[in-house]
Structures are given as C-alpha cells and as structure tokens.
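See below for the structure under consideration.
Read-outs throughout are calculated quantities, based only on the coordinates presented, and are distinct from any laboratory measurement. This is a predicted model, so every value here is computed, not measured. Counting neighbours? That spans all protein chains shown, and the Cβs are built from the backbone with ideal geometry, glycine included.
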C-alpha cells in the first residue's frame with residue numbers, strides 16, 4: 001500500500017463518485033479516520049515534529065498568516081468589488097483560501113517526496129491559528145451568522161490533533177520498534193489506506209450532482225481545479241527560491257490542500273448544500289497531488305531556468 005499510495009487515493013476518489021450510497025454510508029467515518037491519519041503522521045515523524053523549532057517558527061508563522069488571512073482577504077475584497085462575493089462558488093473559493101491545511105498533508109508529503117515533518121508543522125500551526133486568522137475573513141463574508149461555530153470547529157480539530165499526538169507518544173514508548181526507519185513503509189501504507197477511505201465520504205455530493213446538475217458540477221470543478229493550480233504554483237514559485245526543495249514542496253502541498261470541510265458546520269444550511277458539491281470537486285485535484293505535483297513543479301522550474 002505504501003508503494004501504491006497514489007493509486008489508492010485515486011481508487012478512493014473513484015469509489016466516492018461511482019458509489020454514492022457507499023459514500024453516504026462512509027461519511028460518519030471521516031472524523032475517526034482523520035484522527036488515525038494524524039496519529040500515523042506523529043508516529044512516523046515523532047510528536048516533536050508537529051511543533052516548529054525556534055529557528056523555523058517565524059517562517060512557518062509567516063506562511064500560515066499569508067495563506068490563511070492575507071490571501072483570502074485580498075481575493076474576497078476583489079470579489080466584493082466585482083459584486084460576486086455572495087455567490088456560493090465565490091464563498092467556497094474564499095473559504096478554501098482561508099482554511100488550514102488538510103489533515104492528510106503529511107501523507108501527501110510522503111507520497112510526493114516532500115518533508116513530512118515540515119508538512120506536519122504547517123498543519124499544526126495553521127490549525128492552531130485558524131480561529132484568529134479566520135475572524136477577519138468571516139467579517140468580510142455575508143453568509144456567516146455565527147463565526148464562533150467555526151472557532152469551535154477549529155478547537156475540536158486541535159483536540160483531535162492533541163489526542164492523536166498523545167496516542168502516538170504512548171505507542172512509541174510502548175513499542176520502540178515504531179521509531180526505527182524500517183517501520184516507515186508500514187506506517188506510510190496505513191496512512192495511504194486511511195486517506196483513501198476518508199475521501200470516499202467526502203465525495204458524497206459529487207455522484208448525485210453528476211446526474212442531476214452536470215452543468216453546475218462542471219463549473220464547480222473548473223473553479224476548484226483553477227484555485228488548486230493557483231495556490232500550488234504560487235506557493236511553489238515563492239518557496240523554491242527561499243528554502244530547500246523538500247521543505248518547499250511541503251509548503252506547496254500545505255498551500256494547495258486546504259481543509260474547506262471544517263467550515264461547513266458554520267454556514268447556514270442553504271449555503272452548505274451548494275458548497276458540498278464544491279467541497280467534493282476540491283478533493284479531486286488535492287488527492288491527485290502525488291501525481292500532479294512532480295509535473296507542476298518540474299515545468300515551473302524549467303520555465304524559471306529558461307527565463
């Protein structure tokens with residue numbers, strides 16, 4: 001499973017789209033498997049890897065603030081000026097920019113040859129800062145009657161991170177063999193399987209939309225794919241010039257793979273329903289990251305050298 005992780009992710013995407021009944025049945029398993037994924041990442045890297053060191057903290061903090069606050073505010077202001085901010089897809093795009101990295105970020109880093117420790121640190125820091133960075137974004141959006149609901153969701157996710165790290169500490173103390181490099185392929189395989197299972201539930205709205213509203217689905221996918229490309233290529237262009245390649249890839253993955261689903265609990269029902277299709281479409285490029293990232297970064301690097 002570790003060797004074929006990227007294909008497991010594609011299999012999960014396909015199952016979620018082609019088997020909508022299975023996707024709906026799997027939806028309640030999303031949160032438990034998120035905890036499993038975080039625990040495996042902490043087992044692989046060690047719990048201390050979740051926190052940036054003194055030298056890395058300013059850079060990691062700057063990355064989180066730019067991605068989760070400055071960028072969505074800039075895009076939201078532009079959409080507001082154009083009179084488009086109240087459209088569901090515009091709301092979804094701004095929320096995707098404002099979200100913290102997905103819990104599967106370390107797993108995607110492993111499959112993409114990136115620094116999994118740097119990805120885990122960006123995930124932890126972004127989640128911890130989310131209640132603070134999201135507040136001005138919510139003030140800009142007209143659909144949030146209760147911003148505190150999102151803060152509560154972020155705090156719940158932080159609790160899951162802490163629980164997963166605690167379990168990882170206990171397991172590493174009880175089973176020292178888990179710290180050895182020989183254990184990493186097994187942990188990577190379990191991570192890939194957990195990610196493939198999670199995405200089945202996240203795709204629950206895509207299959208029905210394909211038959212009921214195909215035009216809306218295509219538009220949502222076009223916006224989601226375009227947003228993913230802009231986030232990924234923009235982050236790679238900046239990061240590759242400033243930090244070593246493995247860490248730059250980790251920052252790029254964190255920038256392009258955002259936990260949009262966390263915000264669904266805070267929006268009104270009439271807004272959440274249209275957003276679910278966008279959430280599902282947004283998973284497709286994210287879960288194709290191990291296949292897309294090498295091509296995107298190599299072409300971008302080649303153009304940079306040519307220039």
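Put in line by how crowded their Cβ is, counting other Cβ atoms within 10 Å and starting with the fewest, 179, 295 read 295, 179. Can you tell me, using C-alpha contacts under 8 Å and at least 6 residues apart, the relative contact order of the chain as a whole percent? Reported as a whole number, the value is 34 percent.
Please build a GNM for the chain, connecting alpha carbons under 10 Å apart, and tell me which residue among 168, 82, 62 fluctuates the most. Among 168, 82, 62, the largest mean-square fluctuation in the Gaussian network model of the chain belongs to 82.
Ranking request for peptides 91-102, 30-41: highest mean number of other beta-carbon atoms within 10 Å first, then the rest in descending order. If you can, show how the numbers build up before the last one.
Details: 91-102: 26.9, 30-41: 21.8.
Sorting 91-102, 30-41 by mean packing, highest first, produces 91-102, 30-41.
Highest mobility in the GNM of the chain, judged by mean-square fluctuation with C-alpha springs under 10 Å and restricted to 23, 116, 81, is found for 81.
Could you tell me whether the chain comes out rounded, prolate or oblate from its Cα gyration tensor? Rule is a ≥ b ≥ c as square roots of the eigenvalues, rounded for a/c under 1.5, then prolate if a/b exceeds b/c, otherwise oblate.
Rounded, since a/c falls under 1.5.
Take 204, 86, 298 and order them by how many other Cβ atoms sit within 10 Å, fewest up front.
298, 86, 204
Note on 129, 163: ascending count of other Cβ atoms within 10 Å places them as 163, 129, the fewest first.
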